[in-house]
Amino acid sequence: MTEGLVVFFKSPRLGEVKSRLASTLGKERALEVYKGLLATSLSVAQDWVSRSPESRRLFPFGSGDRDGYSEAGFPVARPQVGSDLGLRMERAIRESLRSCDRVAIIGTDCPWFTVEDLESAFSGLKAKEVRLGPCPDGGYWLMSLSSLSPGSLSHLPWSESTTRSRVSRRMVGHGYEVKMLKELRDVDVESDLHGVDLA
């Protein structure tokens, strides 16, 4: 049983990442934080792969300046393709499922997830089941699944308090059972930095 971890990231460019953080901390500090989030996410992802390299794969998908992919820690990455975030996620998940039995997708805004959290996302995952790692703000930090119906994620509201509930309803409508994993928070605004220990 092969497992793939899709990582969605942005090229670390001044003024192009963590806009809500930049509004209070400044663009330079926001970029520093984002680079730390990237490094932390990549470290955990690589540790997860290293524990079972014969059956685990990493699939980074970047947006923004492609010259910045290496700077983000992903010298070999694929571009995100699609007119909205949901379509880009769908494309990445389906592409990764061509070579893996099960896939999880994460961003790079949650510095608290662990290898054990990733393993929980895959353990015993059923064919028509979706697992979401909820965030307190109504979003989610991870989604895992073994199949994806076309249109499951397209044209949904993102970065809103209703995001997770809307995604859940959409997935149920496509015949999936939705289960929740551990709740973790993302780093979006300055107050989210409390207790953060970045790589």
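Derivation of every value follows stated rules applied to the coordinates shown; laboratory data play no part. Being a predicted model, the structure only gives us computed values, none of them experimental. In this analysis, Cβ positions are derived from the backbone assuming ideal geometry, glycine residues included, and neighbour counts consider all displayed protein chains.
Listed values, structure above:
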{"item": "Meets criteria (farther than 23 Å from residue 61 by Cα, free of Cβ contacts under 8 Å to residues at least 60 places away in the same chain, out of contact with any Lys or Arg (no Cβ under 7 Å at 6 or more places or on another chain) and surrounded by fewer than 16 Cβ atoms within 10 Å (Cβ to Cβ)) for residue 159", "result": "no"}
{"item": "Strands (runs of 3 or more DSSP E) lying entirely in segment 1-119 (those with 1 or more residues that are more than 15 Å from the chain's Cα centre (by Cα) and on the phi > 0 side of the Ramachandran plot)", "result": "none"}
{"item": "Single condition residue 39 does not satisfy, out of (1) crowded, with 21+ Cβ neighbours inside 10 Å; (2) touching a Gly at 6+ places or on another chain (Cβ under 7 Å)", "result": "(1)"}
{"item": "Filtered residues of segment 144-156 (kept if under 19 Å from residue 107 (Cα atoms) and surrounded by fewer than 13 Cβ atoms within 10 Å (Cβ to Cβ))", "result": "155"}
{"item": "Identity of the residue in segment 162-195, assigned to a loop (DSSP other than H, G, I, E, B) and without any contact (Cβ under 8 Å) to a residue 60 or more places away in the chain, that ends up surrounded by the most Cβ atoms within 10 Å (Cβ to Cβ)", "result": "176"}
